[in-house]
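Novice: Next up is a structure, given as structure tokens.
The values are calculated or read from the model by the stated rules, or taken from the named source; none is laboratory data. For clarity, every value in this text was computed on a predicted model and none was experimentally measured. Neighbour counts run over all protein chains shown; Cβ positions are idealised from the backbone, glycine included.
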Amino acid sequence: MTNKTLLAPYSSAALGSLPNRIVMAPMSRHRATEDGTPLPVVADHYAQRASAGLIVTEGIWPSSRGQSGWRFPGLETAAHIAGWRRVTDAVHAAGGRIYAQLMHGGRHGHPLSRIDGDVPAAPSAVLVDPGRVHVRDGAKADPVTPREMTVEEIHTAVRDFADAARNAIEAGFDGVELHGANSYLIHQFLADNSNLRDDAYGRGSVADRIRFAVEVVRAVADAIGAGRLGLRLSPGNPQFGMAEADPGPVYRALLDEVDPLGLAYLHLTGNDRYPALADLRPHWHGTLIANVGENGDPTTREAGEAVLASGIADLVSYGRAFISNPDLPERFAAGAPLQEIDPAHLYTHGAEGYTDYPSLKELKELKDREGLLVTAGQTSTRT
Ligand SMILES: Cc1cc2nc3c(=O)[nH]c(=O)nc-3n(C[C@H](O)[C@H](O)[C@H](O)COP(=O)(O)O)c2cc1C
């Protein structure tokens, strides 16, 4: 029988052999140039976290049409690909595995945060409510009402995802995760109050509501192979004003469509309102990564062990704990206390609060050095 604990290895045909079941969850940290190229410090950040079973990057825009925040990274241009190549090389050299999360912002975009300065397009012309948007120069602004996407623009968005996925593979990523969660474009098509369309992508039937998500999954699977593709979903997550009265039928239908494709994994977030993990597990036969932290506090070791022991999940993703503990698996193994996040530097653009959280090994070296200094000081006082 498989030993389902966080520190036990995991393997699947698509993911290969992972040394543990701890996944680093995608987290936007705004460390890109203004044109969307990841800064050199991004390579250090992810390489420091290479002991994760798998790293999923922050959300990356597939084309500038999907840019949702200023200094968020992209995967559209040769400069982006070269920037991400430095990251994947660093992670692989440190022994890790890394997927790129493709995140189209839809209505999260803002003329002041997009390189092209355009008003964003979304399934329907519905304002994000509530929510402030990250814009130029570290500021936040009230959201703007998006334009309703034409069918041609929907097809373009599908192609953008597929093109960016090819770019991700060229940049050396082990695979791609589609961000279908937390109120971004794919979720905007799935949810009740952000998709008021009456065409084949709209609210008329469950088949229409899931059509965009299914088309994106198929297009990306065709582009890079289903075995290099993961899908993230957060059914019923009310973040940024999303409303889904009855997520079950929508997400069960979506999984029934994409499960047979044989994706690398499903990354699923549960919440208090809808028991997504338990309800949807029977509709997913492949690897399931659970995220159990959307209800307030950062995911604990105990919560992760519990969802593995329940048999529902194969892997568990950790977000905030990985920000402040680059060596999270080693800390769990040692039973060491976790370091706290520095909230002031979550969304700044430098190394501070990003690559300066020490590992256990670095802490020990620091203590040893301080011990030596104290010893040297005592010696010199005595002579
Ligand atoms: C700073 C920050 C940025 C985030 N950015 C993303 C993102 O780009 N894509 C995404 O899917 N989730 C994002 N999330 C959500 C996390 O992936 C994760 O689901 C959440 O933090 C809950 O897990 P935790 O309790 O382990 O932190 C972000 C979370 C945080 C704290």
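Novice: Any residue that is surrounded by 13 or more Cβ atoms within 10 Å (Cβ to Cβ), over 30 Å from residue 229 (Cβ atoms) and not β-branched (Val, Ile, Thr) - is there at least one of those in the range 361-372?
Specialist: yes
Novice: Tell me yes or no: at least one residue of the range 244-251 is outside any helix (DSSP H, G or I) and closer than 26 Å to residue 24 by Cα.
Specialist: Looking through the range 244-251, none of the residues is outside any helix (DSSP H, G or I) and closer than 26 Å to residue 24 by Cα.
Novice: What number of residues in the range 294-325 are touching a strand residue (DSSP E or B) at 6+ places or on another chain (Cβ under 9 Å), touching a residue at least 60 places away in the same chain (Cβ under 8 Å), near the ligand (Cβ under 10 Å from one of its atoms) and not in a strand (DSSP E or B)?
Specialist: Qualifying residue count, the range 294-325: 4.
Novice: Touching a helix residue (DSSP H, G or I) at 6+ places or on another chain (Cβ under 6 Å), surrounded by 19 or more Cβ atoms within 10 Å (Cβ to Cβ) and within 27 Å of residue 321 (Cβ to Cβ): is that true of residue 292 in this structure?
Specialist: Details: touching a helix residue (DSSP H, G or I) at 6+ places or on another chain (Cβ under 6 Å): yes; surrounded by 19 or more Cβ atoms within 10 Å (Cβ to Cβ): yes; within 27 Å of residue 321 (Cβ to Cβ): yes.
Considered against the rule, which asks whether it is touching a helix residue (DSSP H, G or I) at 6+ places or on another chain (Cβ under 6 Å), surrounded by 19 or more Cβ atoms within 10 Å (Cβ to Cβ) and within 27 Å of residue 321 (Cβ to Cβ), residue 292 comes out as yes.
Novice: Looking at residue 96, is it part of a loop (DSSP other than H, G, I, E, B), within 14 Å of the ligand (Cβ to nearest atom) and out of contact with any Cys (no Cβ under 7 Å at 6 or more places or on another chain)?
Specialist: no
Novice: Could you tell me which residue of the range 308-320 is farthest from residue 343 (Cα to Cα), considering only residues that are buried (at least 24 other Cβ atoms within 10 Å of the Cβ) and hydrophobic (A, V, I, L, M, F, W, C)?
Specialist: It comes out as 313.
Novice: List, please: which pairs have Cβ atoms under 6 Å, are six or more places apart or on different chains, and start with a residue in the range 337-356 that is without any contact (Cβ under 8 Å) to a residue 24 or more places away in the chain and more than 15 Å from residue 28 (Cα to Cα) and end with one that is of a type in the set (Val, Ile, Thr) and not in a helix (DSSP H, G or I)?
Specialist: Filtered contacts from the range 337-356: no entries.
Novice: Still on this structure, I have one more. For residue 240, work out the one condition from (1) within 16 Å of the ligand (Cβ to nearest atom); (2) more than 21 Å from the chain's Cα centre (by Cα) it doesn't fulfil.
Specialist: Tallying (1) within 16 Å of the ligand (Cβ to nearest atom); (2) more than 21 Å from the chain's Cα centre (by Cα), residue 240 fails exactly one: (2).
Novice: Right, here's the next one. If I ask for residues that are under 21 Å from residue 180 (Cβ atoms) and over 24 Å from the mean Cα position of the chain (by Cα), which ones from the range 105-127 would you list?
Specialist: Result: 124, 126.
Novice: Count, please, the residues in the range 154-176 that happen to be under 21 Å from residue 122 (Cβ atoms) and either crowded, with 23+ Cβ neighbours inside 10 Å or of a type outside the set (S, T, N, Q) (or both).
Specialist: Adding up the residues that qualify gives 10.
Novice: Follow-up. Can you pull out every residue in the range 334-383 that is modelled with pLDDT under 90 and either assigned to a loop (DSSP other than H, G, I, E, B) or within 16 Å of the ligand (Cβ to nearest atom) (or both)?
Specialist: Within the range 334-383, 383 is the sole residue that qualifies.
Novice: Further question on the same structure: Filter the range 12-31 down to the residues that are away from the ligand (no atom under 12 Å from the Cβ) and either in contact with a Lys or Arg (Cβ under 6 Å, 6 or more places away or on another chain) or closer than 14 Å to residue 265 by Cβ (or both) and list them by number.
Specialist: Selection gives 12, 13, 14, 15, 16, 18, 21.
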